[in-house]
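Read through the structure below, which is laid out as structure tokens, and then see the notes.
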Amino acid sequence: MKSRARATLLLVAALGLAGCTGGTAAPESVKRTAEAVPTASAGPSASDAPQVKPVKVLDPETVKSRAITNGRPIVAFDIECQVWKTPIAGTDEQAWANKLNSEFLESNGAKCPDQITFPSYFIESFGPGAPGELVVVAEDDSDRVKSVDIYGEVSELTEIATAVLGDIMDANPDVKTVTATLPPAGKSETSDRREVQRVRAIRNE
């Protein structure tokens, strides 16, 4: 009897053990399949997207209006150089003029002519002329203003040409003359190296 009872208990224990493990354990093939599936990662959120700042379009007339309201003279309204642009160097000659343009501005510690004192703020652009000649286009108002300097009364066109040439000729021996002109192809005045030297001598007396 004891042997039969012991056998019965062992059978019941075996069935109980099988019931505990069989209900929770997954087949080995299922385990391998679950391990092979990658965990889905969270996609980029809206906060991760780059923030693009709107481009501020500068309208020359708006800049001019604000400058005049703040007391700037109309011929020198672009004090922050928001409108000034260097011409595209489509030719070697224009590239040469752009180089002289940059040197002239740098010599005056400015980024555009409107940051320079009278009469240089009349300058609108730089371009090439004949070989060795830099052409500076000035605003129309420059022809209506006269300047009395220590060497006599001259037009602003003459003074602009002399001022530009005086600032760039020492470092650029290929520059022979500077011509200041009114648009389009209006009145013009030309200054050469001899004129610059004359002015320098008078101012150093």
Where does the charge balance sit around LEU165 when Lys and Arg score +1, Asp and Glu -1, over other residues with C-beta under 13 Å from its C-beta?
-4
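Can you give the net charge of the other residues whose Cβ lies under 12 Å from the Cβ of LYS176, counting K and R as +1 and D and E as -1?
Once positives and negatives cancel, what remains is -2.
Values in this text are rule-based calculations from the coordinates and carry no lab data. What you see is a predicted model, and the numbers here were worked out from it, not measured in a lab. Because the Cβ atoms are built from the backbone with ideal geometry, glycine has one as well, and the counts that use them run over all protein chains shown.
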